[in-house]
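Before any comments, here is the structure.
The values are calculated or read from the model by the stated rules, or taken from the named source; none is laboratory data. A quick note: this is a predicted structure, and the numbers were derived from the prediction, not measured. Positions of Cβ are backbone-derived with ideal geometry, glycine not excepted, and every protein chain shown enters the neighbour counts. Side chains are part of the model used for accessible areas, which takes the heavy atoms of the whole protein and leaves out ligands, DNA and RNA. Shrake-Rupley method; radii C 1.70, N 1.55, O 1.52, S 1.80 Å.
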Amino acid sequence: CWQIAPVVCVADHRSDRCQLDFRLSWQHPEPISLCAELEGQSLHCWQQQTSGELSYQVQLEGPSLLHLKAGSETRLTRQLSVLSRQ
């Protein structure tokens, strides 16, 4: 089980980059090694844990995929979206 909040970033204009401060938390019934990745970039890894938390700040130009991986296997995926007021 995992939670990410917020998953939507609001920019003033469509061409603007958007700064998103999100928090990810996860739990697993047994110890597991997991890594959080955003568009192929590793954000953080946990080794043999049953839970984990991460606060992260990212500049988004458009929709981006956040993955939670165990080795090369993707366990969970969530899209971070960008909306504009324009």
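Structure notes:
- Enumeration of residues in region 11-34 that are open to solvent by 50 Å² or more (accessible area, probe 1.4 Å), within 16 Å of Leu80 (Cβ to Cβ) and modelled with pLDDT under 90: Asp16, Arg17
- Flag for Gln86 being open to solvent by less than 90 Å² (accessible area, probe 1.4 Å) and within 18 Å of Val8 (Cβ to Cβ): no
- Enumeration of residues in region 71-86 that are touching a His at 6+ places or on another chain (Cβ under 9 Å), over 15 Å from Phe22 (Cβ atoms), of a type outside the set (Val, Ile, Thr) and assigned to a strand (DSSP E or B): Arg75, Ser84
- Filter pass, Glu37 being surrounded by 13 or more Cβ atoms within 10 Å (Cβ to Cβ) and among the acidic types (Asp, Glu): yes
- Listed here are the strands (runs of 3 or more DSSP E) enclosed by region 1-65 that have at least 2 residues being of a type in the set (Phe, Trp, Tyr): 18-38, 41-60.
- Residue check, Leu60 surrounded by 14 or more Cβ atoms within 10 Å (Cβ to Cβ), modelled with pLDDT of 95 or more and touching a strand residue (DSSP E or B) at 6+ places or on another chain (Cβ under 6 Å): no
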